[in-house]
Amino acid sequence: MLASASAHTIFQELWVNGVSAGHTTGIRVPSYDGPITDVTSNNVICNGGPNALNTPLPTAVINVPAGAQVTAEWHHTLTSAGTGDTADPIDPGHLGPVIVYLAKVDSALTKTVTGLKWFKIYEDGLDSNLQWAVTRLYKNKGKVSFTMPSCIQSGQYLLRAEIIALHGASSYPGAQLYMECAQINVTGGGNATPSGVNFPGAYAGTDPGIKFQLYYPTPTTYIVPGPTVFKC
Ligand SMILES: [Cu+2]
């Protein structure tokens, strides 16, 4: 597994109802593809140490109709897509869950990402065939699709899409968290105002989904960390 230690990943493109918003458009992408391992750090919010911002921030805000099919796309680096890189979109040994959160913000261009309330809108972990979400993502060339809740309030949000790679998670810190935040504007929403959790705070180093033995005995269940998925 050491050979794959630098085979990391970046969430770098968002699709709305099958249409790409553009490569890196509206997404706070880092220059470095490495993970966050300290779940108590502000960098676990939207990546981008030391100020928890990947600057300069993008100026675009992506319109997303409530109820839309949304697809997040990851790649090994910002230039690895389509190059034949076998660690693109991610090293296939970086097994673990894929999780998506939203936080309501006054402006998706905000420079303040601390103190937000995040609610989970999607999670995928280990399925009954013992296949991991990351394996599905790898087979789907980096793409993971989910539904924008139809009932949430219209307005601006940060969308935090995350992979947790568990190959080093048998002790803490060890789990590799890969997250970036997309700047979105939800249109045509409803009245729901889901309660949320804090980042940092939503995860602890002792969570069974953060400190996890991936290899032996072969796991048959996995508890995705964080709150339950919000449903309308
Ligand atoms: Cu890696």
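Determine whether the range 136-153 contains at least one residue that is within 16 Å of the ligand (Cβ to nearest atom), aliphatic (A, V, I, L, M) and either more than 20 Å from ALA52 (Cβ to Cβ) or touching a residue at least 40 places away in the same chain (Cβ under 8 Å) (or both). Yes, the range 136-153 contains at least one residue that is within 16 Å of the ligand (Cβ to nearest atom), aliphatic (A, V, I, L, M) and either more than 20 Å from ALA52 (Cβ to Cβ) or touching a residue at least 40 places away in the same chain (Cβ under 8 Å) (or both). Among the residues of the range 58-92, the ones that are part of a loop (DSSP other than H, G, I, E, B) and either of a type outside the set (Gly, Ala, Ser) or under 20 Å from ALA108 (Cβ atoms) (or both) come to 19 in all.
What's the number of the condition SER154 fails, among (1) touching a strand residue (DSSP E or B) at 6+ places or on another chain (Cβ under 7 Å); (2) surrounded by 23 or more Cβ atoms within 10 Å (Cβ to Cβ)? Among (1) touching a strand residue (DSSP E or B) at 6+ places or on another chain (Cβ under 7 Å); (2) surrounded by 23 or more Cβ atoms within 10 Å (Cβ to Cβ), SER154 violates only (2). Number of residues in the range 73-107 that are farther than 14 Å from GLN176 by Cβ, away from the ligand (no atom under 16 Å from the Cβ) and of a type outside the set (Asp, Glu): the value is 12. Evaluated against (1) in a loop (DSSP other than H, G, I, E, B); (2) within 16 Å of the ligand (Cβ to nearest atom); (3) surrounded by 15 or more Cβ atoms within 10 Å (Cβ to Cβ), GLN12 falls short on exactly one condition, (1). Scanning the range 199-213 turns up at least one residue that is out of contact with any strand residue (DSSP E or B) (no Cβ under 7 Å at 6 or more places or on another chain) and closer than 21 Å to VAL29 by Cα.
In the range 53-72 there is no residue that is under 24 Å from TYR138 (Cβ atoms), open to solvent by less than 60 Å² (accessible area, probe 1.4 Å), within 16 Å of the ligand (Cβ to nearest atom) and touching a residue at least 12 places away in the same chain (Cβ under 8 Å). Taking the range 89-102 as the range and being more than 13 Å from the chain's Cα centre (by Cα) and either closer than 21 Å to ASP207 by Cβ or at pLDDT below 95 (or both) as the test, the residues that pass are HIS94, LEU95.
The values are calculated or read from the model by the stated rules, or taken from the named source; none is laboratory data. All of these numbers come straight from a predicted model, not from anything done at the bench. Cβ coordinates were reconstructed from backbone atoms using ideal geometry, including for glycine residues, and neighbour counts include every protein chain displayed. SASA here: full protein model, heavy atoms, side chains in, ligands and nucleic acids out. Shrake-Rupley method; radii C 1.70, N 1.55, O 1.52, S 1.80 Å.
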